[in-house]
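Asker: Quick one: the structure is below, and I'll ask about it shortly.
Derivation of every value follows stated rules applied to the coordinates shown; laboratory data play no part. In this text, all values refer to a predicted model and were calculated from it rather than measured experimentally.
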Amino acid sequence: MKNSNEMFNSLLERRDRYIAEQRRKRKAFIRTATPVCCLCLIVLLGVGIWQSGLLGQPDIPMGSSSVDNSPSSTAKDEYAVYTDSVKLPENTSGAAFDMIGCLVYKGKVYTQSADANGIDNSAIAEKLVGEYIGEAKGTLDEWSSQEEWATEFASTYSGSVYKVNGYSEDFRLCIYENSGAERRLQFLDNYDGIGLNIGADLFENRLHITGNVESVTYCTHSDWNEGISYYQDLVGITAEQFEHFLTELCKSPFERIDHENNTGFYDAKTQGHLYLNMKDGTVIELRLIEGGYVGCQNLGWIFVKMPGELFDLVLGACQ
């Protein structure tokens with residue numbers, strides 16, 4: 001891992017994109033990537049807000065979904081977009097930084113994800129916790145040096161690290177966090193320089209949505225903006241139509257929004273927030289923005305572009 005200003009600036013940019021959009025509108029909430037002040041990664045508590053209210057919400061049952069992923073987009077030599085590489089920071093200023101929950105594993109930075117429906121649920125943990133791979137050191141804080149960051153299993157948590165059953169260790173890990181008497185399960189995802197062509201490269205190949213969505217709920221953009229955890233049934237659309245939406249999502253291309261020339265992109269009037277409640281207990285949040293854009297946590301300015309009547313139908317159902 002390099003020790004350079006380039007590393008710090010890359011991580012700084014990712015963090016800035018992560019919080020600016022939310023701090024501007026939703027002071028108590030932290031979510032995806034947009035620009036603000038000086039820091040490498042964000043505070044640990046933001047994820048709890050994402051997770052609140054996800055358990056026991058009304059939903060519509062989902063059947064299996066058929067996605068044609070051939071020819072495999074991952075066989076291509078080049079990708080349309082790459083997620084931002086996470087570089088380890090060089091703290092030369094002596095200034096303290098706010099932190100996001102993270103783990104360094106095989107040279108990649110895995111960051112906390114709000115992806116589980118009641119992550120203290122023992123049944124979910126029993127299903128998802130896989131092979132033990134090591135111990136998170138729990139040594140990273142606001143004052144950590146570059147040397148401390150550039151260490152295998154450096155982390156903001158202390159606890160046992162495991163693979164997650166059903167997911168590649170290159171994408172998702174989990175930690176049984178040492179948190180007093182309570183043993184808390186925390187998931188972490190790697191979005192470090194991932195190549196993406198079509199939706200399937202993320203939603204199918206990594207998140208495995210095909211046939212695994214048990215139910216779906218939504219939150220209006222106004223409620224989401226105000227930090228109101230009010231999740232509702234998706235009405236005005238059938239389960240079959242929604243399965244078709246997921247199929248088209250996997251087939252549609254990714255593109256990176258030119259945020260310098262689209263500074264108001266996240267301020268679009270018509271938006272919606274979908275919650276895919278997966279059969280394994282995890283939750284995937286999709287953000288729909290008028291014009292056919294579908295985003296996912298940690299992707300920042302990268303969106304699937306899928307305009308058309310089907311997208312409009314689902315977006316309309318989220319209002």
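Asker: Determine the gain in length on full extension of the stretch Thr139-Ile228; use 0.36 nm per residue of separation and subtract their C-alpha separation, reporting nm with one decimal.
Answerer: 28.6 nm
Asker: Here are some pairs, Lys163/Lys305; Lys251/Lys279; Lys137/Lys305; Lys279/Lys305; which of them have Cα atoms lying more than 29 Å apart in this structure? Provide the component values of the computation, followed by the final result.
Answerer: Numbers: Lys163/Lys305 32 Å; Lys251/Lys279 22 Å; Lys137/Lys305 40 Å; Lys279/Lys305 26 Å.
From Lys163/Lys305; Lys251/Lys279; Lys137/Lys305; Lys279/Lys305, over 29 Å: Lys163/Lys305; Lys137/Lys305.
Asker: Using only the alpha-carbon atoms of segment 232-319, report the extent along each of the three principal axes, biggest first, to the nearest angstrom.
Answerer: That gives 37, 27, 25 Å along the principal axes, largest extent first.
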